[in-house]
1. Among helices (runs of 4 or more DSSP H) lying entirely in the stretch 228-335, which contain 2 or more residues that are touching a helix residue (DSSP H, G or I) at 6+ places or on another chain (Cβ under 8 Å)?
2. Condition test on A198, is it within 16 Å of ligand 2 (Cβ to nearest atom), over 18 Å from A277 (Cβ atoms), open to solvent by 10 Å² or more (accessible area, probe 1.4 Å) and outside any helix (DSSP H, G or I)?
3. Quick one: which of V298, V247, V278, V238 is among the hydrophobic types (A, V, I, L, M, F, W, C), within 16 Å of ligand 2 (Cβ to nearest atom) and open to solvent by 20 Å² or more (accessible area, probe 1.4 Å)?
4. So, in the stretch 138-164, of the ones that are surrounded by fewer than 19 Cβ atoms within 10 Å (Cβ to Cβ) and either of a type in the set (D, E, K, R) or within 16 Å of ligand 2 (Cβ to nearest atom) (or both), which residue ends up nearest to A198 (Cα to Cα)?
5. So which of E324, E318 ends up being touching a residue at least 24 places away in the same chain (Cβ under 8 Å), within 29 Å of I44 (Cα to Cα) and of a type in the set (D, E, K, R)?
6. Scan the stretch 212-254 residue by residue and report those that are free of Cβ contacts under 8 Å to residues at least 12 places away in the same chain and within 24 Å of P279 (Cβ to Cβ).
7. Please state which one of G135, G70, G60 is more than 16 Å from ligand 1 (Cβ to nearest atom), open to solvent by 30 Å² or more (accessible area, probe 1.4 Å) and small (G, A, S).
8. Considering only residues of the stretch 87-132 that are basic (K, R) and surrounded by 17 or more Cβ atoms within 10 Å (Cβ to Cβ), which is nearest to V50 (Cα to Cα)?
Amino acid sequence: MADAARGATAAAGPRDTPGETVLAVRDLVKHYPLTQGVVLRKQIGAVRAVDGVSFDLAGGETLGIVGESGCGKSTVAKLLVSLERPTSGQILYRGEDISKLSGRALKAVRRNIQMVFQDPYTSLNPRMTVGDIIGEPFEIHPEVAPKGDRRRKVQELLDVVGLNPEYINRYPHQFSGGQRQRIGIARGLALNPEVIVADEPVSALDVSVQAQVINLMERLQRDFGLSYIFIAHDLSVVRHISDRVGVMYLGKIVELGTDTEIYEHPTHPYTQALLSAVPVPDPELSNRRERIILTGDVPSPADPPSGCRFRTRCFKAEERCALEVPPLAVPAVYRYAEGPAHHDSACFFAEDRPAVTSHPGEPPQH
Ligand code: ADP
Ligand code: MG
């Protein structure tokens, strides 16, 4: 399969050494104007969907991004693949800020960063054959596959994602959810990208099928040297596939570290709360574990709390949290300490243990 797979994608030359930074995001901001009135559309504020996000993505690496619905994950994804323009900040692809490109330069860069969408039921045009869906990127980038060669390339892509190449003339409704997501992945691979941004690629699938799609994505990553941004709202989904994980809350990353650090030594109260809600198979462990119940709703991104955005729901919040924004950095108490590798956390009171009671009481009012 490997040879066919390689043939299926455009010759892009050898990938760079793994570990090199492919994508660097710096202080990325996306505000959507909030308007009133249909005709005059007076701006009355802004939805701060993404509000200062920074991270690096290395060659061959998977960065998982998790957080509750509405925290800005899909907006980050759309910014990375240039479906949206940032309000401010930089998206550096191999050192070049692509967020300000347009025309041919943008088109050339877009080829390298492709998206796989969340819902394979709605993201595939029901009136197009699978062959046309997977081959559509070639219409925009004919240089990747001359017309006479497209059918063969699409069949190879079907084979690469584990589908029968003879299905090329079928329509999306003739496939299961898992198969449709394989079609979405084949389409994402068509232009031989370096980076795939997968926005909740398995969230719409049955649990039994999720693992198959994740396994496929891991195999493709090895075969093609892909880097992934893998988005999910559930921490347990990204654990297996991610090398590092970023936890988002209300438009910001609140904790960022290797999978082991995030899952075994979470330091941010929000990560600790999310992890305490992940079911564990061992019933004894499950009973001993303290569950952190978050009180209150996620505040509106149009009017986020001052200081730390999580403070209104945090069991550790103190006055300082309302006055200052905690930076995403290695917590001072760990900077020179022994022990597990330290990682970035945006909390003044970051601690390497779920320092929590099962009755957190009312969150402080500021
Ligand atoms: P997630 O993918 O984490 O669920 P999104 O990035 O989709 O979050 O949305 C983040 C916030 O931005 C939400 O409050 C959402 O309602 C808002 N939002 C997203 N897209 C738009 C848009 N085009 N116009 C206005 N608000 C938007
Ligand atoms: Mg989303």
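The values are calculated or read from the model by the stated rules, or taken from the named source; none is laboratory data. Keep in mind the model is a prediction, meaning the values are calculated, not measured. Counting neighbours? That spans all protein chains shown, and the Cβs are built from the backbone with ideal geometry, glycine included. Side chains included, ligands, DNA and RNA excluded: accessible areas come from the protein's heavy atoms. Shrake-Rupley method; radii C 1.70, N 1.55, O 1.52, S 1.80 Å.
1. Filter on the stretch 228-335 gives 235-239, 259-264, 269-276, 319-323.
2. no
3. Going through V298, V247, V278, V238 in turn, the sole match is V298.
4. Once the filter is applied, the top-ranked residue is D159.
5. So the residue among E324, E318 that is touching a residue at least 24 places away in the same chain (Cβ under 8 Å), within 29 Å of I44 (Cα to Cα) and of a type in the set (D, E, K, R) is E324.
6. If the condition is that a residue be free of Cβ contacts under 8 Å to residues at least 12 places away in the same chain and within 24 Å of P279 (Cβ to Cβ), then N215 is the only one that fits.
7. None of the others qualify; the one that does is G60.
8. Checking each candidate, the answer is R110.
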